[in-house]
1. Would you be able to tell me the number of residues in the range 55-97 that are of a type outside the set (A, V, I, L, M), more than 22 Å from Thr194 (Cα to Cα) and in contact (Cβ under 8 Å) with a residue 60 or more places away in the chain?
2. Quick test of your reading of the structure: Gly211 fulfils all but one of (1) more than 23 Å from Ile71 (Cβ to Cβ); (2) surrounded by 21 or more Cβ atoms within 10 Å (Cβ to Cβ). Name the failing condition by number.
3. Inside the range 219-230, can you point out the residues that are touching a Gly at 6+ places or on another chain (Cβ under 8 Å) and either buried (at least 17 other Cβ atoms within 10 Å of the Cβ) or in a strand (DSSP E or B) (or both)?
4. Can you pull out the strands (runs of 3 or more DSSP E) entirely within the range 1-90 that have at least 2 residues that are over 23 Å from Ala216 (Cα atoms), of a type in the set (A, V, I, L, M, F, W, C) and not assigned by TED's automatic domain parsing to the domain that holds Gly108?
5. Yes or no: Gln239 part of a loop (DSSP other than H, G, I, E, B) and either within 30 Å of Lys15 (Cα to Cα) or in the same structural domain as Val86 (by TED's automatic domain parsing) (or both)?
6. Could you tell me which residue of the range 189-208 is farthest from Leu66 (Cα to Cα), considering only residues that are crowded, with 18+ Cβ neighbours inside 10 Å and not aliphatic (A, V, I, L, M)?
7. Show me the strands (runs of 3 or more DSSP E) found entirely inside the range 110-205 where at least 2 residues are of a type in the set (Val, Ile, Thr).
8. Since Ala233 meets every condition but one in (1) of a type outside the set (S, T, N, Q); (2) surrounded by fewer than 23 Cβ atoms within 10 Å (Cβ to Cβ); (3) in a strand (DSSP E or B); (4) within 13 Å of the chain's Cα centre (by Cα), which condition does it not meet?
Amino acid sequence: MNTKEKLLEIFEKDKGIYFSGEEIAEKLSVSRAAVWKAVNSLRSDGYRIDAIQNKGYCLSESTDILSAQGIRKYLEPLCSGIKLDVLAVTESTNSDLRKQASAGAPEGSCIIAGSQTKGKGRVGRSFYSPCDTGIYMSLLLRPEHCAAQQAVKLTTMAAVAVCEAIEKVSGEAALIKWVNDIYMNGKKVCGILTEASFSLESRMLDYAVLGVGINAYLPDGGFPGELEKIAGAVFKQPQSDGKNMLAAEFLNSFMRIYRQTDEGEYVRQYRTRSFLIGKGVGVLLPEGTRRARVLDVDENCHLVVEYDNGETAQLSSGEVSLDISGLRNSGEL
């Protein structure tokens, strides 16, 4: 790490505490001029660093800027293998990490950005990723002996982990719309996109890039167009270190679920948090949309539905839309 990065680590570890220039210079084995230069560089990046004569420098407790240093201080030991690369902006964290994965990057490589110019959504859609209001991260996974039909579980694990992280940091409930959307108070606050590469010989998973986009705050002026009707944010008011805590708690929760041997526990959590069970939905199929009612989420996190003609099906992937007319008829709106 350079002087600026080391200084940020000191500030993040003891946010709100003053350090004299002499004290910092001694800790970092640099000159006071180098400390002053690093402080000004952090300020230019948006960090609010207060300075008081005879007291020194202090990172304001109101600061909420994504950084590797800010995230690491909240990570649990089980995340020791996570390699963080935090960017202010990139085209797509998933695209960036897929390039690294193809070049042999190890499991646990993680790219997090404060903004994306070409964020990815499902089925070729874009994912709105405005500056400084969200967390856009991609985590590289290389699970052993994972077949194609098992890969969907990575997305469902992530959905449970996002809910747990949101609830721990915000204190509010989060629910899952199968298979990859997280909702709070009726609004979508997170989308999950898992992109995978499989071996042609073994037909087993080579690697998966788990992409998670969380709306921490509402963007200035609100969401554009149709997003205004469906999109929400985790926090209503600015938080001290809200984004760093949210990113870290997601990684803590996900790695705990990913490493556990009892798959039944996270499946129970997924089922409990699903708000589609018992509701009418439209199942989007190649031949068109079919009306159905959701019966359950099974042990493989497949969506069990019953179509209007009485036929049942277990959906392992795809999309469903809420059947608004059905919800109104059942008094759920």
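1. Of all residues in the range 55-97, those of a type outside the set (A, V, I, L, M) come to 55-58, 60-64, 67, 69-70, 72-74, 76-77, 79-81, 83, 85, 90-96.
Then drop every residue that is not more than 22 Å from Thr194 (Cα to Cα), which leaves 55-58, 60-64, 67, 69-70, 72-74, 76-77, 80.
Still in the list and also in contact (Cβ under 8 Å) with a residue 60 or more places away in the chain: 61-64, 67, 69-70, 72-74, 76.
Selection size over the range 55-97: 11.
2. (1)
3. Within the range 219-230, the first condition is being touching a Gly at 6+ places or on another chain (Cβ under 8 Å), and the residues that meet it are 228.
Of everything in the range 219-230, nothing turns out to be touching a Gly at 6+ places or on another chain (Cβ under 8 Å) and either buried (at least 17 other Cβ atoms within 10 Å of the Cβ) or in a strand (DSSP E or B) (or both).
4. On the way: elements: 49-52, 56-59, 83-87.
In the range 1-90, the matching strands (runs of 3 or more DSSP E) lie at 49-52.
5. On the way: part of a loop (DSSP other than H, G, I, E, B): yes; either within 30 Å of Lys15 (Cα to Cα) or in the same structural domain as Val86 (by TED's automatic domain parsing) (or both): yes.
Yes; evaluated as a whole, the condition is true for this residue.
6. The extreme case among them is Tyr207.
7. Numbers: elements: 134-141, 175-177, 181-184, 187-198.
Result: 187-198.
8. (3)
The values are calculated or read from the model by the stated rules, or taken from the named source; none is laboratory data. Computed from a predicted model, the values in this text were never measured in an experiment. Here Cβ is always computed from backbone atoms with ideal geometry, including for glycine, and neighbour counts include all displayed protein chains.
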